[in-house]
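Structure, as structure tokens:
The values are calculated or read from the model by the stated rules, or taken from the named source; none is laboratory data. Please read these numbers as outputs of a predicted model, since none were measured by experiment. FYI the Cβ positions are ideal-geometry reconstructions off the backbone, even for glycines, and counts take in every protein chain you see.
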Amino acid sequence: MTGVGMVGASVNGILGHSALIIGLVTSLFGAIALGYATVVGDRRLLRTAPNYAWLAGVAALIAAAVMMNAILTYDFDLQYVQDVGSRSTPLLFNVAAMWSALEGSILLWLATLAGYTAFIMWRYRKRLDDPLIAWALVVMFVVTAFFFFIAFGPTDVFATGAPGVNDGPGPNPLLQNHILVMFHPPILYLGYVGFTVPFAFAIAALITGRVGEGWLMETRRWALLAWGFLSVGILLGGWWSYEVLGWSGVWAWDPVENASFLPWLTGTAYIHSVLVQERRGMLRVWNISLLVATFALTILGTFLTRSGVINSVHAFADGSIGPWLLGFFGVIVVVSLSLIAWRGDRLRSPGAIDSPISREGAFLANNVIFTVFAFVVLLGTVFPLIIEALQDRRIAVGQPFFDRLSMPIGLVLLFLMAVAPVLPWRKASTELLRDRLFVPGCVGAIALAVAVASGADKWPSLIAFGLGGFAAGAAGRQLVLATRRQGWRGLVGRANGGMIVHRGIILIAVALAASNGYTRVAEFTMKVGEPVAFDGHTFELLEVEAFSTERSDGLKAQVSIDGGQAYAPAITRFTQMGTDIGTPSVKTGFTKDIYLTLEKATEAGATEAQVKVFIKPLILWMWIGGALVAIGTVLAAFPGKRRRNPTAPTSAPVPTEPETAHV
Amino acid sequence: MGPDELARLEEERRFLLRSITDLEREYEAGDVDDDDYRTLMDGYTARAAAVMRTIDEGRAALPAKRRTRPTVVAGWVVGVLALAVLSGWLVARSSGQRVAGQTLTGGQPADEVAVALTEARALLGTDLAGAFDRFRRVTELEPDNAEALTYTAWILVQNTRFTEDADLIQTSLDAAVDTFERVVADDPGYADAHCLYAVTAARFLPEPDLELAAEQGQLCLDSNPPAGMLGLVQDFVEGLEASTDDTRPDATVADSAP
């Protein structure tokens, strides 16, 4: 793609700018038209609203497609392509370069958001005269307009770069090392941005005063979908970290990870507490507050990770996007709180929790714990910013803070995961608890015994294994009862799908406990022909060989494990950046992974190399758990056998319930 | 009456009141005759009145604001305060100086090791206890870290100068010598361990082992010690070679170790 010399801008730049300005204008018009038509009851104007959503969606899609085209056709007239594009980067990583830096990730956000808005418009196009739907779409238009503005103005995604540039460095070398960079960000964004939909309906419910259970029924699948995408996206990020970064870990509590984890925590609390409102009409303020918090935290997270504030708090003054995001965050909080205060009288619960030993009592406890967890993570994440702003001291909050607090919180959540599914609504008797917890308790005891017999000796891990078994037993019991009564339908529906999700989460928790507590590490200077032994395995360096591509060169050590297949940890030097990137090599197994990294090697043909060996127990089960979470979420989105009528009174006395009816 | 039903009635009230306004406008414009106007107006008014009455009843039936028991409120306040204090104390305790390139929070263990080592080096000349804590943190994260082990041992040795408790001195020196032995065996190319072990053997052991000191001093020189240490160690080794049975080497190198 060549530049248009007279104006100093490329065709891609002109097309991109045009798409963004069209999207901004149509989103604003959509919000105004729909809002005005709803207030005055103008049905003719109301019917034009879908056109704005289609136009905004197409504009966002064109903007993203234009940027992708610019990257793939090496249009170095654009600043962003100069920053992340490269002629020598393979196609796969050039595609991923689209979201490898600020401008592209804003475009990805925008395209996802406009897509959601267009889809919601299509889904509800015949119900636009319903004020709840109309106001929800107004909110979505407003959020979409804000991101069009951010992309067009402060970020200036399609800015023209310096003249005469014919090649660029390509994306960060760490983003050129694994295929997961293709999937992790888009899936994460589908979750992150997806929470805009239930947030929009929550605000619409407050505006219209319809704060009962109707809006929940409209949004429950959207919330579930967003939560599922966010969960899988976070887990894929952990997998990428494991496969690429060479420290054998999946989670380091860095601010970017925390930014995605915070809305996940509040979102998880919401998808549990919403059941209490649907069932008993309680926790209305709480549910709306959780959705507001979830959406606000996505904006705060975007501010933290995209404004430059993470590198230095002084970027507040220089950053162009930061103040806007912070301002938008403030607007969300103030408007939402004002609306909640305005509708306070209607948000009061018609009843109270009868007993803490009940399903709703357990959900409340679950919510308190998730909220505490979110508070702890938020505090740790913003604490350095607060200290730097107030005292001009640059500090970091270490991993021990998060580990110390997340461990007991995680254990309590595992306990609740075991107990809550077997509790009935309203109250439980001792006999009933004894009966329903017997099998899960046995499974927990067996899990504990197996752990001890396998050599586990650290008490936090042992408690995690025991509680994991307890919770898995409870989820398994629910699924067995459900499938016995309903056949294959016992695996679908929110309650049963939820139990499959629980099993996935338990697997992840157990894998984390095992790998955090029992990873063994050793570093060896391996010599060709001289095997070394570690943790019951032998490792033999076969050779050190060189490799080279157009963009990089490097060394890899061929290391045979137990006299069998050779694995090849490598160090790659990206020549344009002069950066060395280690690439681990992993032998994966059901009981443990053997993870090799090349720490030092001098030259091809060398007879020795420094290799680090990590023995990671049960790590594979983390990815299997992630797959179960995804499958369970999909199954939970299907209607179960007995679907409640959305208009049924929710505050009425609840008849005695078969034990598997709800999560 | 639930809030959704109440909102529906309010929407109906808005519609009826707007219809009355529209009807009056049309009547004034002469588009509606008197009879139709009266019939329609009576209908709308009656419906609006009925709806407004139902709304009032519905509002009255909304759950009243419940009084929360003071003990419950106090419990929540105490809980929130306890959480705030505990997490504030922990976050302050878990924070430290941020060095260039380090992330705001968390990070890989290797990053934490690098930060702790940086801090420990900076504290070595001014705050031995602080430096010791950092080096110990490194050995928790990387039990075989040669630098942290070496300087942990060296600080133990240094501390013997500030106590007259013979048992404590002996325990510290034993622990230090064991650590030096471990490091020079595991990482023979690490010069600092040889240098500091040599100084310890010559100057701090109750019965100086000059042969060991000379051997470790030479290994230090052979291992390319840091530039700042090189000249001092050379003088130290030469002093050892020149020393007679009761001569002890110059103490300068011990005082100027990093």
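Looking at the range A:289-312, which of its residues are within 12 Å of chain B (Cβ to nearest Cβ) and either more than 25 Å from A:Gln399 (Cα to Cα) or in contact with a Pro (Cβ under 7 Å, 6 or more places away or on another chain) (or both)?
A:Leu304, A:Thr305, A:Ile310
B:Glu215 passes all but one of (1) more than 35 Å from the chain's Cα centre (by Cα); (2) not in a helix (DSSP H, G or I); which number fails?
In the conditions (1) more than 35 Å from the chain's Cα centre (by Cα); (2) not in a helix (DSSP H, G or I), B:Glu215 misses (2) alone.
Residues in the range B:140-160: is at least one more than 14 Å from chain A (Cβ to nearest Cβ), over 25 Å from B:Pro226 (Cα atoms) and either at pLDDT 85 or above or in a helix (DSSP H, G or I) (or both)?
Looking for residues that are more than 14 Å from chain A (Cβ to nearest Cβ), over 25 Å from B:Pro226 (Cα atoms) and either at pLDDT 85 or above or in a helix (DSSP H, G or I) (or both), one finds at least one in the range B:140-160, hence yes.
Mind checking whether some residue in the range A:408-430 is over 28 Å from A:Phe199 (Cβ atoms) and within 12 Å of chain B (Cβ to nearest Cβ)?
Among the residues of the range A:408-430, at least one is over 28 Å from A:Phe199 (Cβ atoms) and within 12 Å of chain B (Cβ to nearest Cβ), which makes the answer yes.
Condition test on A:Gly490, is it surrounded by fewer than 21 Cβ atoms within 10 Å (Cβ to Cβ), out of contact with any Gly (no Cβ under 6 Å at 6 or more places or on another chain) and outside any strand (DSSP E or B)? Full working, then the answer.
Details: surrounded by fewer than 21 Cβ atoms within 10 Å (Cβ to Cβ): no; out of contact with any Gly (no Cβ under 6 Å at 6 or more places or on another chain): yes; outside any strand (DSSP E or B): yes.
When the stated conditions are applied, A:Gly490 does not pass them.
Is it the case, given these coordinates, that A:Ile395 is touching a Lys or Arg at 6+ places or on another chain (Cβ under 7 Å) and within 17 Å of B:Gly106 (Cβ to Cβ)?
Details: touching a Lys or Arg at 6+ places or on another chain (Cβ under 7 Å): yes; within 17 Å of B:Gly106 (Cβ to Cβ): yes.
It is true that A:Ile395 is touching a Lys or Arg at 6+ places or on another chain (Cβ under 7 Å) and within 17 Å of B:Gly106 (Cβ to Cβ).
Can you pull out every residue in the range B:48-102 that is farther than 28 Å from A:Phe373 by Cβ, among the small types (Gly, Ala, Ser) and more than 29 Å from the chain's Cα centre (by Cα)?
Residues satisfying the conditions are B:Ala48, B:Ala49, B:Ala50, B:Gly58, B:Ala60, B:Ala61, B:Ala64.
Matching residues to (1) surrounded by 24 or more Cβ atoms within 10 Å (Cβ to Cβ); (2) farther than 18 Å from A:Ala59 by Cβ:
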{"site": "A:Leu92", "(1), (2)": "no, yes"}
{"site": "A:Trp99", "(1), (2)": "yes, yes"}
{"site": "A:Leu107", "(1), (2)": "yes, no"}
{"site": "A:Gly115", "(1), (2)": "no, no"}
{"site": "A:Ile120", "(1), (2)": "no, no"}
{"site": "A:Val142", "(1), (2)": "no, no"}
{"site": "A:Ala151", "(1), (2)": "yes, no"}
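Tell me which of these A:Thr602 doesn't satisfy, since it passes every other one: (1) closer than 20 Å to A:Tyr242 by Cα; (2) surrounded by fewer than 20 Cβ atoms within 10 Å (Cβ to Cβ); (3) of a type in the set (S, T, N, Q).
(1)
Looking only at residues that are at the interface with another protein chain (Cβ under 7 Å from one of its Cβ atoms) and either in a strand (DSSP E or B) or within 20 Å of the chain's Cα centre (by Cα) (or both) in the range A:376-398, which one is farthest from A:Leu265 (Cα to Cα)?
Only one residue fits best here, namely A:Ile395.
Do we find a residue being at pLDDT below 95, within 14 Å of another protein chain (Cβ to nearest Cβ) and loosely packed, with under 14 Cβ neighbours inside 10 Å anywhere in the range A:552-567?
No: zero hits.
Would you check which residues across the range B:56-107 are polar (S, T, N, Q) and more than 9 Å from every other protein chain (Cβ to nearest Cβ) and list them?
Initial filter on the range B:56-107 (polar (S, T, N, Q)): B:68, B:71, B:87, B:94-95, B:97, B:102-103, B:105.
Selection gives B:Thr68, B:Thr71.
Quickly run through the range B:111-127 and pick out the residues that are within 14 Å of another protein chain (Cβ to nearest Cβ) and either part of a loop (DSSP other than H, G, I, E, B) or in contact with a Leu (Cβ under 7 Å, 6 or more places away or on another chain) (or both).
B:Glu112, B:Val113
I need the full set of residues from the range B:199-231 which are modelled with pLDDT under 85 and surrounded by fewer than 19 Cβ atoms within 10 Å (Cβ to Cβ), in order please.
Narrowing the range B:199-231 to residues modelled with pLDDT under 85: B:223-231.
If the condition is that a residue be modelled with pLDDT under 85 and surrounded by fewer than 19 Cβ atoms within 10 Å (Cβ to Cβ), then B:Ser223, B:Asn224, B:Pro226, B:Ala227, B:Gly228, B:Leu230, B:Gly231 are the ones that fit.
Could you please find all residues in the range B:218-235 being assigned to a helix (DSSP H, G or I) and either closer than 14 Å to B:Leu196 by Cβ or of a type outside the set (Asp, Glu) (or both)? Step through it out loud before you land on a result.
Just the residues of the range B:218-235 that are assigned to a helix (DSSP H, G or I), to begin with: B:218-222, B:227-235.
Across the range B:218-235, the qualifying residues are B:Gln218, B:Leu219, B:Cys220, B:Leu221, B:Ala227, B:Gly228, B:Met229, B:Leu230, B:Gly231, B:Leu232, B:Val233, B:Gln234.
What number of residues within the range A:56-73 satisfy the criterion of being closer than 21 Å to A:Gly170 by Cα and among the hydrophobic types (A, V, I, L, M, F, W, C)? Write out each step before concluding.
Within the range A:56-73, the subset closer than 21 Å to A:Gly170 by Cα is A:63-73.
Next cut, among the hydrophobic types (A, V, I, L, M, F, W, C) only: A:63-68, A:70-72.
Qualifying residue count, the range A:56-73: 9.
Hey, does the range A:607-629 have a residue that's at pLDDT below 90, crowded, with 20+ Cβ neighbours inside 10 Å and not polar (S, T, N, Q)?
No, there is no match, as no residue in the range A:607-629 is at pLDDT below 90, crowded, with 20+ Cβ neighbours inside 10 Å and not polar (S, T, N, Q).
Assess whether A:Ile571 counts as being of a type outside the set (D, E, K, R), buried (at least 23 other Cβ atoms within 10 Å of the Cβ) and more than 18 Å from A:Asp593 (Cα to Cα).
Values: of a type outside the set (D, E, K, R): yes; buried (at least 23 other Cβ atoms within 10 Å of the Cβ): no; more than 18 Å from A:Asp593 (Cα to Cα): yes.
It is false that A:Ile571 is of a type outside the set (D, E, K, R), buried (at least 23 other Cβ atoms within 10 Å of the Cβ) and more than 18 Å from A:Asp593 (Cα to Cα).
Given the range A:183-254, what helices (runs of 4 or more DSSP H) lie entirely inside it while holding 3 or more residues that are hydroxyl-bearing (Ser, Thr, Tyr)?
Per the criteria, A:214-244.
Would you please name the residue that is surrounded by the fewest Cβ atoms within 10 Å (Cβ to Cβ), looking only at residues in the range A:252-275 that are within 14 Å of another protein chain (Cβ to nearest Cβ) and without any contact (Cβ under 8 Å) to a residue 60 or more places away in the chain?
Here is the first cut: in the range A:252-275, the ones within 14 Å of another protein chain (Cβ to nearest Cβ) are A:252-262.
Within this subset, residues satisfying the condition of being without any contact (Cβ under 8 Å) to a residue 60 or more places away in the chain are A:254, A:256-257.
Numbers: A:Asp254: 21, A:Val256: 19, A:Glu257: 23.
Ranking the qualifying residues of the range A:252-275, first place goes to A:Val256.
Here is a list: A:Ala475, A:Ala482, A:Ala445. Which entry is surrounded by 20 or more Cβ atoms within 10 Å (Cβ to Cβ), in a helix (DSSP H, G or I) and at pLDDT 90 or above?
Matching residue, one of A:Ala475, A:Ala482, A:Ala445: A:Ala475.
Out of all the residues in the range B:171-179, is one or more among the polar types (S, T, N, Q), farther than 26 Å from A:Phe614 by Cβ and either crowded, with 20+ Cβ neighbours inside 10 Å or without any contact (Cβ under 8 Å) to a residue 24 or more places away in the chain (or both)? Walk me through how you get there before you give the answer.
The first filter runs over the range B:171-179 and keeps only residues among the polar types (S, T, N, Q), leaving B:171-172, B:179.
Adding the requirement that they be farther than 26 Å from A:Phe614 by Cβ leaves B:171-172.
Filter once more, keeping what is either crowded, with 20+ Cβ neighbours inside 10 Å or without any contact (Cβ under 8 Å) to a residue 24 or more places away in the chain (or both): B:171-172.
Looking for residues that are among the polar types (S, T, N, Q), farther than 26 Å from A:Phe614 by Cβ and either crowded, with 20+ Cβ neighbours inside 10 Å or without any contact (Cβ under 8 Å) to a residue 24 or more places away in the chain (or both), one finds at least one in the range B:171-179, hence yes.
Which of the following residues is surrounded by fewer than 24 Cβ atoms within 10 Å (Cβ to Cβ), in contact with a His (Cβ under 6 Å, 6 or more places away or on another chain) and away from chain B (no Cβ under 11 Å): A:Glu278, A:Glu243, A:Glu218?
Numbers: A:Glu278 fails: in contact with a His (Cβ under 6 Å, 6 or more places away or on another chain); A:Glu218 fails: in contact with a His (Cβ under 6 Å, 6 or more places away or on another chain).
After ruling out the rest, the residue left standing is A:Glu243.
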